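Asker: Take this structure first; my questions come after.
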2 protein chains.
Amino acid sequence: MADGATSGKDGARPGEIAGALPDAFDAGLYFIGRCRTPFADRAACPHTGDAEAGPLCRLDIAPAFRPALAGLEGRPFILALYFMDQARRDLLVQTPHGRGPTGTFALRSPVRPNPIAASVLRLIAVEPSGLLVRGLDCVDGTPLLDIKPHRP
Amino acid sequence: MADGATSGKDGARPGEIAGALPDAFDAGLYFIGRCRTPFADRAACPHTGDAEAGPLCRLDIAPAFRPALAGLEGRPFILALYFMDQARRDLLVQTPHGRGPTGTFALRSPVRPNPIAASVLRLIAVEPSGLLVRGLDCVDGTPLLDIKPHRP
């Protein structure tokens, strides 16, 4: 993969390095629900979420997983993991705006081998079918992977 | 799945609720490396990692992904995502020691539908093949999924 690294192709910008991904996945993910946000596409998403002043959003939980919400009531914050499924996964070095070439693991970009975002969200309300939150930064419909309690 | 939930079977403790997992995965993960810790099994792992006083550990990065480390030098902290591959994935409600039945999403237990741990680690050194860190809490050999910069 490092040997096969190429630069500047497939839409990569100058200075960016793409690697060949492994032939097969090593493990699998279940989508436990969806993020509901006012952001219709990536251009509409904020650069980072704002857990205090960001818009009210919803984490819709699939019926099968709703029993796992019990006990979240009254917690001020959660950590949400979600899957940035529109992002390419093969860039090892990227050139974000205003910065020189930087390794993917030194960036919070959604473009990464496993495009999993981790965001601390303000928990506004617990409903039977999901959570009302502030702080999401993703496109409406983004698949949700996990919710954990968060201690600031 | 909620309809098929059962309690107390398959090693679940009284009060715990297991659900049937979906028939297929929704997305796939690549293991980008391995966590190297002094903890040989789950019994040896601390309840939570300690990014200041915890033992020195190593994040070994697979050769193909090493170019993505560029730019991490000098950062005090990282967020590491890793895959707790020894944990069962079907418990919706758990009864941790000293607590009553609690929903999985209100716990930091490795037992969850997507057993992805998220830990803030102190970055001690960046080497060509990986990172020296403090703060890991997992079994030696645990698959690594992602590294991101972290701002406390």
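Asker: What number goes with the only condition from (1) more than 20 Å from A:Ser109 (Cα to Cα); (2) at pLDDT below 95 that A:Phe31 does not pass?
Answerer: (2)
Asker: Could you figure out which of (1) closer than 20 Å to A:Thr142 by Cα; (2) open to solvent by 40 Å² or more (accessible area, probe 1.4 Å) isn't true of A:Gly98?
Answerer: (1)
Asker: Does the stretch A:94-151 hold any residues that are among the small types (Gly, Ala, Ser) and closer than 19 Å to A:Arg58 by Cβ, and which are they?
Answerer: A:Ala117, A:Ala118, A:Ser119, A:Ala125, A:Ser129, A:Gly130, A:Gly135, A:Gly141
Asker: Something else about it: Among the residues that make up the stretch B:44-53, is at least one of them hydroxyl-bearing (Ser, Thr, Tyr) and in a loop (DSSP other than H, G, I, E, B)?
Answerer: Within the stretch B:44-53 (the criterion being hydroxyl-bearing (Ser, Thr, Tyr) and in a loop (DSSP other than H, G, I, E, B)), the answer is yes, since at least one residue qualifies.
Asker: Can you name the residue in the stretch B:138-152 that is part of a loop (DSSP other than H, G, I, E, B) and surrounded by fewer than 22 Cβ atoms within 10 Å (Cβ to Cβ) and is also modelled with the lowest pLDDT among such residues?
Answerer: My answer is B:Pro152.
Asker: I'm told B:Leu72 meets every condition in (1) in contact with a helix residue (DSSP H, G or I) (Cβ under 9 Å, 6 or more places away or on another chain); (2) open to solvent by 10 Å² or more (accessible area, probe 1.4 Å) except one. Can you identify the failing condition by its number?
Answerer: So the condition that B:Leu72 fails would be (2).
Asker: Here's something else I'd like to know. So in the stretch B:57-68, with the set limited to residues that are in contact (Cβ under 8 Å) with a residue 12 or more places away in the chain and open to solvent by 10 Å² or more (accessible area, probe 1.4 Å), which one is farthest from the other protein chains (Cβ to nearest Cβ)?
Answerer: Filtering first and then ranking leaves B:Arg58.
Asker: Take the conditions more than 18 Å from A:Asn114 (Cβ to Cβ), part of a strand (DSSP E or B), open to solvent by less than 10 Å² (accessible area, probe 1.4 Å) and in contact with a strand residue (DSSP E or B) (Cβ under 6 Å, 6 or more places away or on another chain) and apply them to B:Val133. Does it pass?
Answerer: Against the criterion (more than 18 Å from A:Asn114 (Cβ to Cβ), part of a strand (DSSP E or B), open to solvent by less than 10 Å² (accessible area, probe 1.4 Å) and in contact with a strand residue (DSSP E or B) (Cβ under 6 Å, 6 or more places away or on another chain)), B:Val133 qualifies.
Asker: Would you pick out the residues in the stretch A:60-95 that are assigned to a strand (DSSP E or B) and under 13 Å from the mean Cα position of the chain (by Cα)?
Answerer: The answer is A:Leu79, A:Ala80, A:Leu81, A:Tyr82, A:Phe83.
Asker: Consider A:Asp41 carefully, then state whether it is surrounded by fewer than 18 Cβ atoms within 10 Å (Cβ to Cβ), touching a residue at least 24 places away in the same chain (Cβ under 8 Å) and not β-branched (Val, Ile, Thr).
Answerer: yes
Asker: On to the next question. Considering B:Val126, B:Val120, which residue is within 23 Å of A:Thr95 (Cα to Cα), open to solvent by 10 Å² or more (accessible area, probe 1.4 Å) and in a strand (DSSP E or B)?
Answerer: B:Val126
Asker: Here is a list: B:Arg34, B:Arg112, B:Arg108. Which entry is facing another protein chain (nearest Cβ under 7 Å), touching a Ser or Thr at 6+ places or on another chain (Cβ under 8 Å) and over 21 Å from A:Met84 (Cβ atoms)?
Answerer: Matching residue, one of B:Arg34, B:Arg112, B:Arg108: B:Arg108.
The values are calculated or read from the model by the stated rules, or taken from the named source; none is laboratory data. Just so you know, these numbers come straight off a predicted model, no measurement behind them. Glycine also receives a Cβ, built like all others from the backbone with ideal geometry; neighbour counts cover every protein chain displayed. Accessible surface is based on the protein model in full, side chains and every heavy atom, while ligands, DNA and RNA are left aside. Shrake-Rupley method; radii C 1.70, N 1.55, O 1.52, S 1.80 Å.
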